[in-house]
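Written out below as structure tokens is the structure these notes cover.
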Amino acid sequence: MEQFEIPGVTGDWDTGMLRLVADPQRVSELIPPRRGPVQGPAVWWPPEEQPEVAASVVSQQRAVAEPSAGSSSAGRSSAGSSSAGISSAGTSSAGRSSPGSASAAMAAATLVSRISGMFGQLLQAAALGSSVLATTFTVGNTLPNMIYFLLIGGALNAVFVPQLVAATRRDPDGGAAYVDRLLTLVFCALLAVTALAMAAAPWIVAASAGGLHPEQRDLAVAFTRYCLPQIFFYGVFATVGQVLGARGRFGPTAWAPVLNNVVVIAVFAGFIAVGGTGGGDTLTPAQSMFLGVGTTSGVAVQAVIVLWFLRRAGIRFRPRFDWRGAGLGAAGSLAKWTLAYMLIGQAVNILVMHLASAVDAKAAAEHLTSAVGYAAYSRAQQVWILPQSVITVSLLTLLLPRMSRAAAEDDPAAVRDDLSFGLRMSGTVIVPCAFAFLALGPQIAAVLFGHGKTHPEQAQGIGYMLAAFGLGLVPFSAQYVILRGFYAFGDTRTPFTVGLVTGAVNAAVAITASLTLGDTHWPVVVMAGGYGLSAAAGLTWSVRRLRPRLTARAAAPGRGVARVYRRLVAVAALAALIDRCAAQNVHRLFGDALAGSLLAAAAGGGVLAGVYVLSAKALRITEVDVLTRHLRRRFAALTGH
């Protein structure tokens, strides 16, 4: 197995470690050099003398690559922070910050955004609980995001952004006319989609959460109508952010989501401060309007900020409706398979929302206080997806352009090497995280969500779902890596077939669980497990489809990677078993209250990390050894020893 080194990360304690995944320059240092040069990019990539532009490309690609699994609204601001574009060749570098300071600022913005977003989610759980009342809000606040990505977001990221890159390099005016046409077209489309969605809100809610009782459905419709303008604001933020990035201004789009989170935090903190629901399970019209309009205001703030910086960047937007012949329509065929892939994913998300919210309604009718439905599912999924978002997405954002260049030069061996590296490197963190969720799901959920209206029984329900999601993180992350192999070859049709497989398995498990499990405690837990099962099926299918492309002149990333993963799974399983025993012993000593759960999670996590590292060292797993040596150097640098 090829040896590689991870560079030391210097700087402040709070942002230094994050730079390892958020700073494109430092992440790129992780990637081992090729055995030979690969020329001619399959997609445009800035030259080496423009590292600050590469950072903006990385940020934009990370946003495109983020999975849009049906997530609750709390963490969505980071999904909305998609924008950093590509600098035009003729753009002056005057006034830009240095590459190092820009990367550090983006790393700090990512850190603050993730922390504030999670804090906002915890306040939502404290204010509304995690049962049917929370589900009505989650449905209303998630549907705009689904509709945006389904109808507008996918086309924007997959079609218009590459065209913007080409226009800035091709047109004599630096793409100014193209920008005017693009903004006009997108703004008009966003207004039309938002207006239609608001008019159709009752039918949209009925299709996605029809199992709710009439009064609950009415509340969900109210939340949906208050939140649907987010479609327009998300689109404005993303589109204008791409244009700012094309001028080398990617700072505003990195920090704007933080202000969105601040608004959400203020809204829910204020709601709790004035008494919240007063111990009831319903909301008055004034309360629902306060939460819905307040949450939408946060997204509006994002859009207003980037519009303000658009003028500061010297870009004077003038509406242009001469779209014909401008290249906007011809580009549509480039993304048809990507859009079809997104359609399948969102359709399955809506199915799960429909079935899980029906379980919530049934639990409410039986006066159960446990968290068993869609709100709990969404909260567990938000925690579960964090390692994937931070580790795998960051690493593959850097690897994809490199793999694309190799594919363009007909070098399958280079593509294979990068896929192997991505799978092995991400697996060293993803595998133990998956087993930690399996072993410590209830404890983690109790610490994060066991506050306010989220009763201990509800937090325990979230924990069961987190544990059910747990092991699915391994195939989910690996499938994400493998799909980038297809994208490197310019193949978007095969990922669509993978989406068919994963969607079919996920839907089958969800429907079967809903029909066969009579009580309300387990159907949605099984749906969470089915998410990982569908990822495993998709991984199997995608590997079989990708292997022939790589075995023409190079072995696919199979045996070596499989051997590493077998060892990683073995040591992580052993660590999780011991970790579980340690957590149970702590619970016996300190009880199941919040303090006991916190101590159990801390003790269990420490035991898992220690056993995992020591066992991996005994088995001589190179990747884990490299990471531990890096962390030791990092700790020594921070402490001055």
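The values are calculated or read from the model by the stated rules, or taken from the named source; none is laboratory data. Keep in mind that what you see is a predicted model, and the values were worked out from it rather than measured. Virtual Cβ from ideal backbone geometry, glycine too; neighbours counted across all protein chains shown. With ligands, DNA and RNA removed, areas are computed over all heavy atoms of the protein, side chains included. Shrake-Rupley method; radii C 1.70, N 1.55, O 1.52, S 1.80 Å.
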Q | 3J(HN,Hα) from dihedral phi, region 535-543, Karplus parametrisation 6.51/-1.76/1.60, rounded to Hz, x for glycine, proline | A | 5, 5, 5, x, 5, 4, 5, 5, 5
**Q.** Trp337 accessible area, 1.4 Å probe, all protein chains in place, Å² to nearest 10
**A.** 70
Q | Full-stretch length increase - Val262, Asp625 - with 0.36 nm per residue and alpha-carbon distance subtracted | A | 126.8 nm
Q.
Can you tell me the length gained on complete extension of the stretch Lys617 to Ala365, counting 0.36 nm per residue apart and subtracting the Cα distance?
A. 85.4 nm
Q. At a 1.4 Å probe, what is the % contribution of carbon and sulfur to the accessible area of region 345-457?
A. 64
Q.
Using the basic label-point model (7 angstrom from Cα toward the beta carbon), what is the Leu589 to Asp410 distance in nanometres?
A. 6.6
Q. Setting aside same-chain residues fewer than 8 positions from Lys362, which lysines have a Cα under 23 Å from its Cα?
A. Lys453
Q: Report the one residue of Ala467, Ser394, Pro412 whose Cα lies farthest in the direction of the positive end of the charge dipole of region 382-515 (charges on C-beta: Lys and Arg +1, Asp and Glu -1; origin at the Cα centre).
A: Ala467
(Q) Tell me the accessible surface of Leu598 in square angstrom (1.4 angstrom probe, heavy atoms of protein chains only), to the nearest ten. (A) 100
Q | Rh by Kirkwood over Cα pairs, then Stokes-Einstein D for region 455-583 at 0.890 mPa s and 25 °C, µm²/s | A | 147
(Q) With every protein chain left in place and a probe of 1.4 Å, what is the accessible surface of His455, to the nearest 10 Å²? (A) 80
Q) Which whole-Hz ³J(HN,Hα) couplings does region 188-203 yield from phi under the Karplus relation 6.51 cos²θ - 1.76 cosθ + 1.60, θ = phi - 60°, glycine and proline marked x? A) 5, 5, 4, 4, 5, 5, 5, 5, 5, 5, 5, 5, 9, 3, x, 6
(Q) Can you compute the FRET efficiency between Ala177 and Ala504 using 1/(1 + (r/R0)^6), with r the Cβ-Cβ distance and R0 = 35 Å? Round to the nearest 0.05. (A) 0.20
Q. How would Thr502, Thr516 rank on accessible area, largest to smallest, probe 1.4 Å?
A. Thr516, Thr502
Q: Grab the Cα-Cα distance for Ile115 and Ala200, subtract it from 0.36 nm times how many residues apart they are, and report the gain in nm with one decimal.
A: 27.1 nm
Q: Please arrange Lys453, Lys336 by accessible surface area, largest first, computed with a 1.4 Å probe and ligands excluded.
A: Lys336, Lys453
Q. Relative contact order for region 417-480: what is it in percent, counting Cα pairs under 8 Å that are at least 6 residues apart?
A. 43
Q | Theoretical FRET efficiency, 1/(1+(r/R0)^6), r = Cβ-Cβ of Val304 and Arg566, R0 45 Å, to 0.05 | A | 0.30
